[in-house]
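Beneath this line is the structure, given in structure tokens, with notes to follow.
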């Protein structure tokens, strides 16, 4: 049953970046090292806080205004997702130097399996992990925390033990000792309902749970619960998902607006503005969506969404406005205050595949293509706000005013030959030398 | 053109000849070339861009507004051009070792050499200098 004989039946590393967005900013601007830095200026909310800011009590999700009160010297930056994505891609590429088995779990977290690679690297599993951490830290210039253990669940527990710049190993022998100190609700994939249920059976720590007999676990929990139990006992249930994440499988656009609104037209204008922006991006990459998802976020941060399958792949707001309006009608409630809207264009296919069906009027579609080609070239020449749909007019005006100072430095600091739309895929160090 | 035939294999019936081609010799020769991207920037994961503003390295051919490719996490050798933080200032200089002690040398007579008093932090080693006309 539970106990393990060998100390390393499998060896899995969990890599977790420390305060990732803020760390990237400090890496491209060394002057910000050691200073409290937050990102999220464009949303008026702390999206990420550096460890220096966290030490002052500034957490993710805090209003910028409050954060500034807590720390008048706070450095507030607009989010630069392009730079963060570059760092993220590099992180996974460096991990692949050590092993081909890498999972891109999220933008700032990943797993790497190194089982069987001791001979290749001429060292022990913890030593391989340490080397990986050192390489990531020195080449990327950001803080990285690493956990090494027998399963993804245990590796996650390891990396959580010590942060930032932490390095924790949980081998087969150390497993029980660590799990004994870990509250059950802190285990990955154990939600509040499950932990409440387990507590009713006297299970308080992760070890209490891991030591329960299998029949008991199977009786009270469903499949994911049983899998977690196995993973805690060092048996791999969740293999790494090693497919490289493809870009632009979806295109999404979200914007928070101030002040929050319960005006049906105002909120719809915000939504349509996102639809227009997403469509324009899709057209730029010659993609059309087969599915469109919209969501509205209320002032209490609860979000509600709906999705629609399209009869024909599209990247034209004129076509999408009627399904979007219909979904919006179902979602919107005039008694609520809304703070942001979003759209996701999913199931993207190359635009050439979006042929007209038999009963459509090809002339009308060709006309629409020509109209949008004209709109795109006008927007290229005169800026994003040169032409837009009447439905998004009110949103275009307000956003235009508040967007000053919200553009990431990289988008203003262009090198010769770069444009506002396309830059070299390398992070730019922002110091004067 | 080359042909292929079944010879000395009596159990296989002879079915005739097939035309085969060598393909274009140009294709194969091009296998031994690298892209401009790989040439200018071989270590993609650790390379960063930085724009030059000072003329401290002008005699080394590095002008204001040039764009440098800088590699992070590399140990500099004596004589490398580096970007470093010296006593809270960021500079572009030659990295020199004098009896194992590092100091930073400009390539411009109007600048003086820098001997770090408290700290020397290497940001990166310069691997290429690009100027677009």
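I'd like the mean, over residues of B:71-78, of how many other protein chain beta carbons sit within 10 Å of each residue's own Cβ. The per-residue average across the peptide is 3.
Shape call for the protein assembly as shown from the C-alpha gyration tensor, a ≥ b ≥ c root eigenvalues: rounded (a/c under 1.5), prolate (a/b greater than b/c) or oblate? Rounded shape, in that the Cα axes give a/c under 1.5. Relative to the longest principal axis of the Cα atoms of chain A, helix A:317-331 runs at roughly 60 degrees. Inter-chain neighbour count for A:420-430: the average number of beta-carbon atoms from partner chains within 10 Å of each residue's beta-carbon is 4.
Of A:162, A:366, A:396, the residue with the greatest mean-square motion in the GNM of chain A, using alpha carbon springs below 10 Å, is A:366.
Relative contact order for chain A: what percent, with Cα pairs under 8 Å and sequence separation of 6 or more? After rounding, I find 16 percent.
Note on A:334, B:54, A:85: ascending count of other Cβ atoms within 10 Å places them as A:334, A:85, B:54, the fewest first.
At q = 0.15, 0.19, 0.20 Å⁻¹, work out log10 I(q)/I(0) for segment A:225-382 with the Debye formula, treating every Cα as an identical point scatterer and leaving solvent out; two decimals please. Debye curve over Cα of segment A:225-382, log10 I(q)/I(0) at q = 0.15, 0.19, 0.20 Å⁻¹: -0.86, -1.12, -1.19. Angle of helix A:362-382 to the longest C-alpha principal axis of chain A, folded into 0 to 90 degrees and rounded to 10: 80°.
Given R₀ = 60 Å, FRET efficiency for residue A:73-residue A:215 by Cβ-Cβ distance, to 0.05? So the FRET efficiency works out to roughly 0.55. Averaging over all projection directions, the Cα-based convex hull of segment A:11-79 occupies 5.2 nm² in the image plane. Most mobile of A:103, A:241, A:215 per a Gaussian network model of chain A (Cα springs, under 10 Å)? Highest fluctuation of the listed residues: A:215. Working from Cα pairs under 8 Å separated by at least six residues, relative contact order for segment A:198-254 is 22 percent.
Sorted largest first, the spans of the alpha carbon positions of segment A:1-116 along the three principal axes are 55, 33, 23 Å. Per residue, chain A reaches -12000 deg cm²/dmol at 222 nm when only DSSP H runs of four or more residues are counted, each adding -39500 (n - 2.57). Look at the stretch A:131-140: the mean tally of other chain Cβ atoms within 10 Å of its residues' Cβ atoms is 3. Would you look at the GNM of chain A, springs on alpha carbons closer than 10 Å, and say which of A:118, A:200, A:379 moves the most? Sorting by GNM fluctuation, first place goes to A:200.
Neighbour counts of C-beta atoms inside 10 Å place A:38, A:349, A:46 in the sequence A:349, A:46, A:38, starting with the fewest. Using alpha carbons only, how many degrees (0 to 90, rounded to 10) separate the axis of helix A:152-161 from the longest principal axis of chain A? The angle comes out at about 90 degrees.
Any read-out appearing in this document is the output of simple, stated calculations on the displayed coordinates, not a laboratory observation. This structure is a prediction, so every number in the text was calculated from the model and none was measured. When we count neighbours, we look across all protein chains shown, and the Cβ atoms used for this are built from the backbone with ideal geometry, even at glycine.
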